[in-house]
Each structure stands twice: as C-alpha cells, then as structure tokens.
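Asks: Shown below is the structure under consideration.
The values are calculated or read from the model by the stated rules, or taken from the named source; none is laboratory data. Just so you know, these numbers come straight off a predicted model, no measurement behind them. Glycine also receives a Cβ, built like all others from the backbone with ideal geometry; neighbour counts cover every protein chain displayed.
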Amino acid sequence: MVLHRLFPAMFPAKDTEPAKSRNATLYLLRCVFFMGIQSPPKNFFLVYILWSFALNLCSTFYQPIGFISGFISHLSEFSPGDFLTSMQVTFNAYSCSTKVIIVWLLHKRFEQANLILDQMDKRLTQPRERSKVHSAVSFSNRIFFGFMTVYMVYATSTFISAVSFGRPPYQNYYPFLDWRASKWEFWLQAGLEYFAMLGACFQDVCVDCYPINFILPLRAHMRNFADRLRQLGQDPNESPEESHEKLIECIQDHKVILRFCDTLRPVISGTIFVQLLVVGLVLGFTIINIVLFANFASRIAALSFMTAVLLETTPFCILCNYLTDDCFDLADALFESNWIDKEQRYKKTLIQFLQSLQKPIVFMAGNVFTISVATNISATKFSFSVFTLVKQMNIAEKLSQPSAIE
C-alpha cells in the first residue's frame, strides 16, 4: 500500500513493537520545520533562510497588511460577496499570524513535551498498553492530514472560484502591481495571493493541530495509568513495602503527566485565546456571505472556510472535556484498588494521592477562561448575533446597492 510506505505513522504499529508516543507529532513537527521558524540546518543553511524569509514575508507578515491595504485602495470596487470574503479572511489572517509568532517563540516546548512522552513510554510493558498508544499515534496523524486536506481545499477552491470570474481571490494590495492592467499582472497577483494563502493555511494547520497531536497520546497514557491504579494491591504475595513502593511509582507517574501539561500550557493558552477571540466574528461574516450574497462556487469556498475555522477550536475543546473525564476516571480507579486491608502508612499516602487526582487537568485560554466545549459554543454563538444584527439593520440590502461601498 502506497500510503503505508509513505506515511507509516498513519497506521497502528504491531503490539510487539515498542511504543513511540512522539510519532503522534511526527508529521506535525516536520511541517513546523518547513514553516521556517526553527534553527537553520547546517547543510541547508542558506536555502532554509531564503525559504523562511519568502514564506513568512508573504504569509505571516505581509498578507494581513495586504488585506487592509486592498480595502483602502479598492473598497469602492468590491462586490458585497468580495467584501465579506476579504473581511472574514482578514480577521483570520491576523489571528493566524499572531498564533504563528506565539509558536515561533515557544516551539522548543514541543521537543520538551516529546521527551516527557518518551519517559511515559518506558512504563509500558504489556501489549494491550502499547496497543492503546499505537492507536492514538495513528489517529493523531490521520487527524493532522485531515486538517491539511480541509485547509488546502479552502485555499484552492477560493482561488479557482475567483479566477474563473476574472479577479484575484482577495484583491490584496501589492506595490507597483495593477492586476487590471494586463493578463500577466492579473495572473502574477493571483499567483502571489494563492501562494500566500497556501502558506498561511500550511502554517494554520500546524498551529491549530498541535494541541490535538499532543493530547491524544496523553489520553492513551492516562487510560493505561488508570489500569495500573486499579491493579494496586491486587497481588497477595507482595509485601507492604512493595505495595507502598508501587503506590509511590504511580504518584511519580502522575507528576510526569502534570509536567507534560505544564510544558504545553503556555503555547496552548496563547494560540487558543487568540482564536476564540475572533471565531465568532469570522463565522458571522461567513454565514452572511453564504446566505445572502455568495454564488454556488463562492458558497463551496465559504463552506470549506467555515469548516476550517470550526476545526481551529472545536476538536481541542472537545478533547479538553474528555481530559477532565479522564482525570475523574483516575480518581475512581485509585479508589477501586485494593486498599482497605493495607497498613496505615499506605492509606495515608493513598488519601493524599486521591485528593490530588480529584483536581482535573484544565487548560486556560490566556488565563482568562477555561478551554471547554461550553466556552467554544459561547464563542461561536456570537456569529449568530452578528448575522441577526445585519438582518435587523438591513445592512445586506444597503450593501447590495451599487453605491453602498463607494
């Protein structure tokens, strides 16, 4: 099978093979490297520097400026659909650039988190334990390629839809370039915008998918950890000292899990906070465009854009809810272990450990609000408020008039 040879980490490994949780981020970290935000390799120093300069200049830094400049220069020439398409992408472009800069500053934490995953892997001795991690690794990589497909479909469908009507996708401003002057300049601008959007989508996949790629193997380890907790005290032949030693090892395992979350917490806090701030507004513009102005081709592009925007927060918010449930399962698993007949020292240690397990692992967005499904719903509900406001104020009818945006 071709895919199996090209992307082996997309498929579960055999239970006899050792667990490699870091493979859940294998393709993600390769793409982070191609974002041009890591230290240049010695063998390709100049090539990497040039690629990093071109990609980040076009996608990270100039693209948001180009959107605003395009509004100022050609606002009177925009149709309502073009205006809303550019507005929805402009807000998302600024958020994407901000998230890229956050990851740029903190990307070394990804390798630190992988080193902690390596430490967790050493505790896996049974085939059923390794099987859970192998499944999480393959699922994580498939999600990454799913994200990549959706984002690239949006960029390509928007490009095809726009050029088929004889205009660049977003009509950004480029100095000394007038796409109306000639076909050559038209295709040059359309190509520049397409390259910038492909680069932005490529970056967006990395900065949106990394929390999922790291949390999925963590959840597999937490399920294995719950099984180990249930087995505490079940061996009738072990001495009180051995039982207590196993309990201490489990406490150490829990500390490793918490250290893993603390390593990723600053990156997740920044990127999710930025996205939750703009998701409602972006979706609001997209819904207005789909319902009131877009033609068939534009609706396809807008729907793929809406899917991409929802993928930026929804899957990880769902995972955070599952992670909370996993923490409660750990407390239940420890309580279900055989502790009633143990010595007093064992019981005191277990009670303290149980209190620690009852505190769920929570990720905060900008240290302001909890990342959860409820928060995500509250943020996305704002899009309906934007749509309702536009309907009540008859803004759609005003935009449809020829002089509305002159």
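Asks: Among the residues of segment 375-394, is any hydroxyl-bearing (S, T, Y), within 17 Å of the chain's Cα centre (by Cα), closer than 30 Å to I160 by Cβ and at pLDDT 80 or above?
Replies: If we filter segment 375-394 for residues that are hydroxyl-bearing (S, T, Y), which is where we start, we get 375, 378, 380, 383, 385, 388.
Restricting the remaining residues to those that are within 17 Å of the chain's Cα centre (by Cα) gives 375, 380.
Okay, now just the ones that are also closer than 30 Å to I160 by Cβ, so 380.
Next, from what is left, pick out any that are at pLDDT 80 or above: 380.
The answer is yes, given that some residue of segment 375-394 is hydroxyl-bearing (S, T, Y), within 17 Å of the chain's Cα centre (by Cα), closer than 30 Å to I160 by Cβ and at pLDDT 80 or above.
So that you can scan it fast, the table gives a plain yes or no per residue for (1) among the aliphatic types (A, V, I, L, M); (2) touching a helix residue (DSSP H, G or I) at 6+ places or on another chain (Cβ under 9 Å); (3) part of a helix (DSSP H, G or I); (4) within 29 Å of Q63 (Cα to Cα):
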site	(1), (2), (3), (4)
Q112	no, yes, yes, no
T149	no, no, yes, yes
V153	yes, yes, yes, yes
T158	no, yes, yes, yes
Y174	no, yes, no, yes
D178	no, yes, no, yes
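Asks: For segment 324-337, check the following and say yes or no: at least one residue is at pLDDT 90 or above, in contact with a Lys or Arg (Cβ under 8 Å, 6 or more places away or on another chain), at negative phi and not in a helix (DSSP H, G or I).
Replies: Yes; the residues of segment 324-337 include at least one that is at pLDDT 90 or above, in contact with a Lys or Arg (Cβ under 8 Å, 6 or more places away or on another chain), at negative phi and not in a helix (DSSP H, G or I).
Asks: Now a separate question. Considering segment 150-170 alone, what residues qualify as being more than 28 Å from the chain's Cα centre (by Cα) and not hydrophobic (A, V, I, L, M, F, W, C)?
Replies: Correct list: S164, G166, R167, P168.
Asks: So, one more: Within segment 298-319, can one find any residue that is of a type outside the set (K, R), under 24 Å from V205 (Cα atoms) and in a loop (DSSP other than H, G, I, E, B)?
Replies: yes
Asks: Now, a different point. In segment 2-39, which residue that is of a type in the set (S, T, N, Q) and at pLDDT 90 or above is farthest from T90 (Cα to Cα)?
Replies: Looking at the filtered set, the residue picked out is S21.
Asks: For I288, indicate whether it is β-branched (V, I, T), in contact with a strand residue (DSSP E or B) (Cβ under 8 Å, 6 or more places away or on another chain), in contact (Cβ under 8 Å) with a residue 24 or more places away in the chain and crowded, with 21+ Cβ neighbours inside 10 Å.
Replies: So I288 fails the test.
Asks: If you go through segment 233-252 one residue at a time, do you hit one that is touching a strand residue (DSSP E or B) at 6+ places or on another chain (Cβ under 7 Å) and of a type in the set (V, I, T)?
Replies: Just the residues of segment 233-252 that are touching a strand residue (DSSP E or B) at 6+ places or on another chain (Cβ under 7 Å), to begin with: none.
Checked against the condition, which is being touching a strand residue (DSSP E or B) at 6+ places or on another chain (Cβ under 7 Å) and of a type in the set (V, I, T), segment 233-252 yields no hits at all.
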